[in-house]
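Here the structure is laid out as structure tokens; the discussion comes afterwards.
The values are calculated or read from the model by the stated rules, or taken from the named source; none is laboratory data. Small disclaimer: the values here were computed from a predicted structure and weren't measured. In this analysis, Cβ positions are derived from the backbone assuming ideal geometry, glycine residues included, and neighbour counts consider all displayed protein chains.
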Amino acid sequence: MTEKDFILKNTNTNSLKTGSFSWQSPSNIALVKYWGKSEPQIPKNTSISFTLNKCHTNTTLEFFKKEIPSDDFNIKVIFENKVNDEFKPKIEQFFKRIVKYVPFITEYNFVIKTQNSFPHSSGIASSASGMSALALCLMSLEKKLNPSVTEKYFKQKASFLARLGSGSAARSIEGELIVWGEHQEIPNSSDLYGIKFLYPIHENFKNYHDTILLVDKGEKQVSSTVGHDLMHGHPFAQQRFEQAKKNISAISKILQNGNLEAFVKLVESEALTLHAMMLTSDPYFILMKSNTLKIIENIWEFRNKTKSNICFTLDAGANVHVLFPEREKKKVNAFIIRDLVPLCQNNQYICDKVGLGARQF
Ligand code: PMV
């Protein structure tokens, strides 16, 4: 598939005046991280993520045919039952980016009603679940206008559109493991959209747990858009992209052979490398907080003592994702509650696990 395959032509909107579509779309957590991109939202390296189950966004897109067609967008955003103008510029920018592929969006006025399952400003990125939910609603509208759209094309284009809203959103359409970005050892992988990891996944990684520790709920000082940009001219950028490429090959084998020890090493190294890129960019910045480091130390101590396969990963923030296999949930949960939750802001944490992807409601 090429970019041109996603351009929709000759849609007749005359018979569809109004309606609505609703999708629930999950967040995801990258194991091999995406950090650095070129225009338009093309990743500098391949990434792979677990789709989450409980952390999701519910979005309803209502559409009303315009009396007189116009090129501007008329979008009203209702977030958690209140009109919200804060998100409008980001959504308008998203619409401008995707209008070439879904031209019918100029013919409707929209009301977007959206809410997250996780607490507002918890520091959990909602762009992946939010943008993918909206992209799926727009694809439902495209399918209504053009019923010949196949299920495969529907998902691919939803991921393609979501990517243009937020890169990692490309990985939030399906489950349980999603690869985004071309890689020679992953057949059909693409820079344009995410694909399911197609090799059989070892039992050890089934129902994998991700407990998210909310260390700091404040606004990030540096957005991921700025962070991605700082990879241009970064002294270690090329080595990082090479390393990610090798880590994709390695994790692909690990996910099939079930080697938990190798998984722990690779995933933690990826998280620390992501933050090392931030520490060594110009300007440099730190998103971890002191409790992020304390949690990491406690995890390492617990692992040494108990030989557990617990590990951590981080996204672009201070919160810690604690990953562990289903069979260890009892002892690890007890450890988390005793030794890690007191290090969270207001003791807040979310018990999540690997999920199956978005669903219409
Ligand atoms: O999708 P963005 O532009 O918010 O970038 C997200 C990047 C990381 O979360 C840090 C890593 C990843 O692959 O999800």
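Here residue 328 meets each of (1) at pLDDT 95 or above; (2) under 17 Å from residue 220 (Cα atoms) with one exception, condition (2).
So which of 306, 292 is out of contact with any Gly (no Cβ under 7 Å at 6 or more places or on another chain), under 22 Å from residue 324 (Cα atoms), hydroxyl-bearing (Ser, Thr, Tyr) and in contact (Cβ under 8 Å) with a residue 40 or more places away in the chain?
On the way: 306 fails: in contact (Cβ under 8 Å) with a residue 40 or more places away in the chain.
Testing whether each residue is out of contact with any Gly (no Cβ under 7 Å at 6 or more places or on another chain), under 22 Å from residue 324 (Cα atoms), hydroxyl-bearing (Ser, Thr, Tyr) and in contact (Cβ under 8 Å) with a residue 40 or more places away in the chain leaves just 292.
For residue 177, the conditions (1) within 16 Å of the ligand (Cβ to nearest atom); (2) of a type in the set (A, V, I, L, M, F, W, C); (3) more than 24 Å from residue 98 (Cβ to Cβ); (4) free of Cβ contacts under 8 Å to residues at least 40 places away in the same chain are fulfilled apart from (4).
Yes/no matrix, rows are residues, columns are (1) among the charged types (D, E, K, R); (2) without any contact (Cβ under 8 Å) to a residue 40 or more places away in the chain; (3) within 15 Å of the ligand (Cβ to nearest atom):
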site: 181; (1), (2), (3): no, no, yes
site: 191; (1), (2), (3): yes, no, yes
site: 196; (1), (2), (3): yes, yes, no
site: 251; (1), (2), (3): no, no, yes
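Only one entry in 322, 332, 267 is touching a residue at least 60 places away in the same chain (Cβ under 8 Å), in contact with a Leu (Cβ under 7 Å, 6 or more places away or on another chain) and either farther than 23 Å from residue 238 by Cα or of a type in the set (Lys, Arg) (or both), namely 322. Tallying residues that are farther than 17 Å from residue 313 by Cβ and buried (at least 20 other Cβ atoms within 10 Å of the Cβ) within segment 45-75 yields 5. In the set (1) under 23 Å from residue 312 (Cβ atoms); (2) modelled with pLDDT under 95, residue 225 fails one condition alone, (1). The number of residues in segment 124-145 that are modelled with pLDDT of 95 or more and outside any helix (DSSP H, G or I) comes to 0. Restricting segment 296-314 to residues that are closer than 30 Å to residue 233 by Cβ and β-branched (Val, Ile, Thr), which is surrounded by the fewest Cβ atoms within 10 Å (Cβ to Cβ)? The qualifying residue surrounded by the fewest Cβ atoms within 10 Å (Cβ to Cβ) is 296. Against the conditions (1) closer than 22 Å to residue 100 by Cα; (2) of a type outside the set (A, V, I, L, M); (3) more than 10 Å from the ligand (Cβ to nearest atom), residue 166 satisfies every one except (3).
Of the helices (runs of 4 or more DSSP H) lying entirely inside segment 203-295, those containing at least 2 residues that are of a type outside the set (S, T, N, Q), over 20 Å from the mean Cα position of the chain (by Cα) and surrounded by fewer than 18 Cβ atoms within 10 Å (Cβ to Cβ) span 237-257, 260-279.
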